[in-house]
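The values are calculated or read from the model by the stated rules, or taken from the named source; none is laboratory data. Quick caveat: nothing in here was measured; it's all calculated off a predicted structure. Quick reminder, even Gly has a Cβ in these numbers, built from the backbone with ideal geometry, and neighbours come from all protein chains shown.
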Amino acid sequence: MNPQLLLYNLFLVAAAPVLLPLKVVRYLRRHEDYEVAPDRLFAPSLPAKTKKTRVVFVALSWGETAMLDRLSRDLEASEKVGQEIEIVWSIREKAAREMAKPRFPNRMLAPMPFDFVLAAKNWQRAVDADVVIAVEKFWWPNLLWSAKSDGASIILVNGRSRGRKSIAYKLLSGYQRFILSAFDVLMFGDEAQIERIRDVLPTNAQAIATGNIKFAFDQIAPPATADSLEQWVTQASDDKPLFMAGSTHQSDEDWLVESFPFERATLLLAPRNLKRADEVAARFEKEGKTVSRRSAPLEGKADILLLDSMGELPYVYKWANAAYVGGAVSSRGHNILEPLAHNVPVAYGPNRGDFEGAQKAAEEFGVGFRLNSAEELKAYWESALNGQMPREEMEKRAALLFESQRAAMQVTLQSIENSIIERHQKSA
């Protein structure tokens, strides 16, 4: 085992009495299934590997499946490598894998392992990856180096970084440089992402700013529940304009309580953490609002439609007149491109965080709005109500925005193809 990886695992063992209780507390607070999923410890069950090159995408949640689908389909259609590869999706969240099974029945699916040496070795033995493609996140030393030690090529696509200037960040710089050295190619959404970790990039790192491939977002086919979704939305909104607030945290809901024009519009609200649905419903009911939950719809109109289901949010944006995406008030923000894919203008809080490049691009084309207060959010809703963001104009601007970012997917695919070809040449 690599000496640095050995030290990392020895540290995990030594710190287990502290780390395990913290993990339990985190699970009790968030109830996220991947924290205690036993299938992440053991070798996943997959069809026997063929003579083809096995390309394994590693992703965290349902939010990445649109990218996995687009990248997989484009690689399989590639004249250069399409006939020579087989693809596996390794996804951390069990709920996301369960949703992917009926949507993508021909895909091989496997759990993403816990980043412990035994779990990572079990995973690599079962998936037998020739090429590992990490999607957006990448701090998994055991997974990456288990595959790397078996000769796999390691690639990052649409990378998101969190470089910091804190003492802890500087003390861990060697550890971070070690993880990044596992990668053959590092592709980030923009130069700002690279600059955040510039001081921990290995000297010979091949780091590329491709643009954000989420701008090549393909709408996943309408869910099987599309008809009931539309009925729920249209019945409850009672012909009033529908505004959406997606992926919200408590801080975003604080803003909504202060700013939303309930007398003139209907709010469709989708909390980021679905485990908070009861809490969110209770809060707005205490404010005197009528709440119709997707899981328990009311008959007739409601002030708030509470989307407490997984996988339906990207589709529901199509009915919105304007949208707000949460997370950028108290945290690092969430994906703003889902509403834009439906030509719906989008607002968000002041923090740039993980989607800085997408935010700035949307602002440049006049379809993204960075807000600093609940008062500014109130003005945003009013501008939508007063016709200051006409749908035709928003559609034109959104189309120009997506066209300006089209090259990102092409550059990413070309780099992956080159890595697969190099892998073939080494194996020959």
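Some notes on this structure:
- The C-beta contact set for the stretch 284-295 (first residue within 12 Å of Leu267 (Cβ to Cβ) and not assigned by TED's automatic domain parsing to the domain that holds Trp255, second residue surrounded by 13 or more Cβ atoms within 10 Å (Cβ to Cβ) and at pLDDT below 95, distance under 7 angstrom, 6+ apart or interchain) is empty.
- When each of Ala277, Ala270, Ala182, Ala192 is tested for being assigned to a helix (DSSP H, G or I), in contact with a strand residue (DSSP E or B) (Cβ under 9 Å, 6 or more places away or on another chain) and crowded, with 19+ Cβ neighbours inside 10 Å, the lone residue that passes is Ala277.
- Residue in the stretch 370-392 that is free of Cβ contacts under 8 Å to residues at least 60 places away in the same chain, outside the structural domain of Val185 (by TED's automatic domain parsing) and crowded, with 23+ Cβ neighbours inside 10 Å present: no
- Condition check for Val316: assigned by TED's automatic domain parsing to the domain that holds Leu242, crowded, with 17+ Cβ neighbours inside 10 Å and touching a residue at least 40 places away in the same chain (Cβ under 8 Å): yes
- Among the criteria (1) closer than 25 Å to Arg29 by Cα; (2) surrounded by 23 or more Cβ atoms within 10 Å (Cβ to Cβ), the one Ala323 does not fulfil is (1).
- Screening the stretch 338-428 for helices (runs of 4 or more DSSP H) wholly inside it with 1 or more residues that are under 27 Å from Ser78 (Cα atoms) and touching a helix residue (DSSP H, G or I) at 6+ places or on another chain (Cβ under 8 Å) returns the ranges 391-404, 407-427.
- Checking Arg423, Arg352 one by one, the residue that is over 20 Å from Glu136 (Cβ atoms), of a type outside the set (S, T, N, Q) and out of contact with any Lys or Arg (no Cβ under 7 Å at 6 or more places or on another chain) is Arg423 and no other.
- Qualifying residue in the stretch 330-348 (condition: aromatic (Phe, Trp, Tyr), surrounded by 15 or more Cβ atoms within 10 Å (Cβ to Cβ) and either over 18 Å from the mean Cα position of the chain (by Cα) or closer than 23 Å to Ala134 by Cβ (or both)): no
- Residues of the stretch 218-232 classified as surrounded by 15 or more Cβ atoms within 10 Å (Cβ to Cβ) and at pLDDT 90 or above, total: 3
- Annotation note: of Gly333, Gly288, the sole residue that is of a type in the set (Gly, Ala, Ser) and either in contact with a helix residue (DSSP H, G or I) (Cβ under 8 Å, 6 or more places away or on another chain) or under 28 Å from Gly357 (Cβ atoms) (or both) is Gly333.
- Residue within the stretch 72-93 that is touching a Gly at 6+ places or on another chain (Cβ under 7 Å) and at pLDDT below 90 present: no
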